[in-house]
Amino acid sequence: MFEKPIVVLDFETTGLSPACGDRITEVAALRIVNGRVSERFVSLVNCGAYIPAFISDLTGISQAMVDSAPPVERVLPQLLEFIGSDALSAHNASFDEKFLHAEAGRLGMVPGHQGLVCSLKLSRRVFPGLSSYKLGLLSGQLGIRFRSAAHRAEADAEVAADLLIHIARHLGQTYGFGAVAPQLLVSMNKLSAAKVPAWLRQMADAARLAENPPQTA
């Protein structure tokens, strides 16, 4: 399914921008090995931040929940250790990565993940023409179900992981990839949607040739 592990990340936050002072309130990181989730790291996070009422209404995360949660100084080092040097994936990945860098930077730490995979961008390229690519609506169109309430980190990360596995299966069935390298997905994110099908056929042909080189007399 996947040549190397990929960690799927999801943060719940107090807002949209760490540059404007927004902080994380909950994190879930799920490691995919081959075609299944093999490990997970999940925690509420106390950043000493105020939780706006509309955020509590959206996520169900209250001020009392984060006030009694482990401090960010404990959670972030554990999270970075969990991710290690694996590739990182998220739905709308730039959002989660900017919070990861911001929170790590506050502690003088640097994330070590190798490559960033955005499942939102991938879905636009692999499944063009769908009505929406928001995680909740996209997952429904692909037959992927939430196991618990949306807008909680673990539930969203589980669906994002299922989506990434669904994409990998689609690439295997459609183009014949035996295993999908994280770097292949990183590279796909950088291509325009129109170029993706031909590029994937070229990559699949190259992979098959590498696995079965022509015999010489």
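The values are calculated or read from the model by the stated rules, or taken from the named source; none is laboratory data. Because the structure is a prediction, the values reported are computed rather than measured. Heads up, the Cβs are rebuilt from the backbone with ideal geometry, glycines too, and the neighbour counts pull from every protein chain shown. Note: areas computed on protein heavy atoms with side chains; ligands, DNA, RNA excluded. Shrake-Rupley method; radii C 1.70, N 1.55, O 1.52, S 1.80 Å.
Filtered by the rule that a residue be at pLDDT 95 or above and surrounded by 15 or more Cβ atoms within 10 Å (Cβ to Cβ), region 198-217 gives W199, L200.
Among the residues making up region 8-33, a single one is touching a Leu at 6+ places or on another chain (Cβ under 9 Å) and either at pLDDT below 95 or outside any strand (DSSP E or B) (or both): D22. Apart from one condition, R124 fits all of (1) open to solvent by 40 Å² or more (accessible area, probe 1.4 Å); (2) out of contact with any Phe, Trp or Tyr (no Cβ under 9 Å at 6 or more places or on another chain); the exception is (2). Answer yes or no: is there a residue in region 34-55 that is open to solvent by 20 Å² or more (accessible area, probe 1.4 Å) and assigned to a helix (DSSP H, G or I). Yes, region 34-55 contains at least one residue that is open to solvent by 20 Å² or more (accessible area, probe 1.4 Å) and assigned to a helix (DSSP H, G or I). Q78 passes every criterion in (1) under 21 Å from G136 (Cβ atoms); (2) open to solvent by 30 Å² or more (accessible area, probe 1.4 Å); (3) in a helix (DSSP H, G or I) apart from (1).
Hey, any hits in region 126-140 for a residue that's part of a helix (DSSP H, G or I), over 23 Å from A28 (Cα atoms) and either charged (D, E, K, R) or in contact with a helix residue (DSSP H, G or I) (Cβ under 9 Å, 6 or more places away or on another chain) (or both)? Yes; the residues of region 126-140 include at least one that is part of a helix (DSSP H, G or I), over 23 Å from A28 (Cα atoms) and either charged (D, E, K, R) or in contact with a helix residue (DSSP H, G or I) (Cβ under 9 Å, 6 or more places away or on another chain) (or both).
Per-residue answers, yes or no, for (1) under 22 Å from S187 (Cα atoms); (2) of a type outside the set (D, E, K, R); (3) at pLDDT 95 or above:
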| position | (1), (2), (3) |
| --- | --- |
| F2 | yes, yes, no |
| G35 | yes, yes, no |
| R40 | no, no, yes |
| V75 | no, yes, yes |
| S94 | yes, yes, yes |
